[in-house]
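Asks: I'd like to ask some things about the structure below.
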Amino acid sequence: MSALLFFKKQSKLTAIKTNIFEEYITAYLIRKATSFQECNIADLFCGSGKNGKNLGSPLIIINIIKKIFQFKYICDNFKINLFFNDIDEENIKYLHKNLSTLTINKKVNIQIFNDDFHKIYPHLLSKMGKNSYKFFLLDPFGYTDITIEDLQRMFSLPNTEILFFIPIFYAYRFANYQEANGKVKDFLKTYTTKGIFPYKNVYTFSKSIISKISKLLGTKYIREFILKDKSQINALFLITKDKKSMLIANNIFWQYSFNGKNISSSMKINNFNITKKIFSLIFYIKKKLSSTKRNLNREIVNNLLLKGISEKQAQIIFFKLSQFPKFKTIISRITKSWYNIYKYL
Ligand SMILES: C[S@@+](CC[C@H](N)C(=O)[O-])C[C@H]1O[C@@H](n2cnc3c(N)ncnc32)[C@H](O)[C@@H]1O
């Protein structure tokens with residue numbers, strides 16, 4: 001989609017992406033506002049604040065923050081630094097205009113930049129306090145704008161999360177193109193485990209990207225959202241070290257996905273795949289529990305998180321397993337670990 005069209009009218013895919021972002025950042029900020037004193041949110045490809053009549057990421061963030069400050073359990077000294085950047089001068093001009101009509105809480109400090117993201121982010125990293133919470137929204141148009149080294153550098157700071165959008169289908173089209181060169185080749189080489197390779201489909205391609213990011217950034221907790229609309233397929237990745245964040249992302253995923261694989265703008269309900277997934281997980285846990293006497297609580301909770309399970313599904317799985325007398329006691333212990341994760345949301 002052209003840049004001009006993007007800001008004139010919001011596509012279905014962009015609307016889904018925006019909803020996911022909105023739900024995630026709301027849930028997570030509520031948690032952070034009760035435990036952290038400083039929060040840095042950097043939207044480094046922020047656009048003008050609007051696309052068509054709809055709100056773009058900067059205005060969404062500001063609206064959420066307004067609600068957060070009405071929340072009664074918020075830390076007394078909690079403050080938020082917002083960093084907005086876009087390379088396009090017009091976008092930044094409109095962003096200033098869009099923000100000028102809003103009343104913004106005094107505890108929110110906004111800085112706006114108009115530069116290439118590569119020049120801006122190193123400067124921002126040095127400003128962010130060690131103990132603060134950092135959230136980077138990376139929403140470029142192209143898949144070659146952000147290198148894996150950029151991600152590594154951002155993620156090396158403590159308490160950091162990245163929500164990273166990749167128009168994955170454009171990269172996937174070249175995945176087995178031996179003559180690929182320049183930035184495309186660099187992308188395939190650095191972002192995938194197999195480089196130029198005949199991937200079975202776009203899902204295995206995405207898994208290869210996840211494995212590579214996971215290895216280079218040193219975290220297992222990466223939640224993918226594959227977004228489909230007609231011939232367009234994009235991916236949104238949440239990269240975190242925090243299991244609770246992973247659980248929030250899993251819950252959000254299942255609100256939108258009806259097949260457990262992707263989120264489609266023309267959602268066709270297909271509970272068969274979900275049931276199949278739940279049964280395969282029940283089978284997996286039963287096998288684990290039968291084959292060892294070790295305490296598996298942590299391992300099972302972790303595995304379910306990584307397999308993308310939501311809380312609702314976890315409850316179904318545990319309920320079904322608790323009906324086997326053999327597993328009753330151990331399952332009640334695992335359920336406790338699962339709720340411990342839930343308790344802190
Ligand atoms: C998909 S749009 C962002 C949309 C925005 N998140 C929203 O919700 O409205 C991508 C933006 O990245 C900007 N951009 C492209 N290359 C950039 C770069 N190297 N550095 C910073 N911004 C860039 C474009 O001007 C465009 O506004």
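Asks: I'm trying to understand the selection: among the residues of segment 213-239, which are crowded, with 22+ Cβ neighbours inside 10 Å and over 17 Å from A171 (Cβ atoms)?
Replies: Correct list: R223, L238, I239.
Asks: Among the residues of segment 164-208, count how many are of a type in the set (K, R), away from the ligand (no atom under 16 Å from the Cβ) and part of a helix (DSSP H, G or I).
Replies: 4
Asks: Would you mention how many residues in segment 94-118 are within 19 Å of G56 (Cα to Cα), in a helix (DSSP H, G or I), within 12 Å of the ligand (Cβ to nearest atom) and not hydrophobic (A, V, I, L, M, F, W, C)?
Replies: 2
Asks: Please determine whether any residue of segment 143-161 is away from the ligand (no atom under 13 Å from the Cβ) and in contact with a Cys (Cβ under 9 Å, 6 or more places away or on another chain).
Replies: Looking for residues that are away from the ligand (no atom under 13 Å from the Cβ) and in contact with a Cys (Cβ under 9 Å, 6 or more places away or on another chain), one finds none in segment 143-161, hence no.
Asks: Of the conditions (1) modelled with pLDDT under 90; (2) in contact with a Leu (Cβ under 9 Å, 6 or more places away or on another chain), S48 clears all except one; give me its number.
Replies: (1)
Asks: Given the conditions (1) closer than 22 Å to I166 by Cα; (2) buried (at least 19 other Cβ atoms within 10 Å of the Cβ), report the number of the one that D116 does not fulfil.
Replies: (2)
Asks: Somewhere in segment 130-141, is a residue outside any loop (DSSP other than H, G, I, E, B), within 16 Å of the ligand (Cβ to nearest atom) and surrounded by fewer than 16 Cβ atoms within 10 Å (Cβ to Cβ)?
Replies: Taking every residue of segment 130-141 in turn, none turns out to be outside any loop (DSSP other than H, G, I, E, B), within 16 Å of the ligand (Cβ to nearest atom) and surrounded by fewer than 16 Cβ atoms within 10 Å (Cβ to Cβ).
Asks: Identify, by number, the condition in (1) away from the ligand (no atom under 16 Å from the Cβ); (2) of a type outside the set (G, A, S); (3) in contact with a Leu (Cβ under 8 Å, 6 or more places away or on another chain) that Y121 doesn't meet.
Replies: Exception for Y121: condition (1).
Asks: When R333 is evaluated against the numbered criteria (1) touching a residue at least 24 places away in the same chain (Cβ under 8 Å); (2) surrounded by 14 or more Cβ atoms within 10 Å (Cβ to Cβ), which criterion, by number, is the only one it fails?
Replies: Among (1) touching a residue at least 24 places away in the same chain (Cβ under 8 Å); (2) surrounded by 14 or more Cβ atoms within 10 Å (Cβ to Cβ), the lone unmet condition for R333 is (2).
The values are calculated or read from the model by the stated rules, or taken from the named source; none is laboratory data. Computed from a predicted model, the values in this text were never measured in an experiment. With ideal geometry, Cβ positions are generated from the backbone for all residues, glycine too; neighbour counts draw on all protein chains shown.
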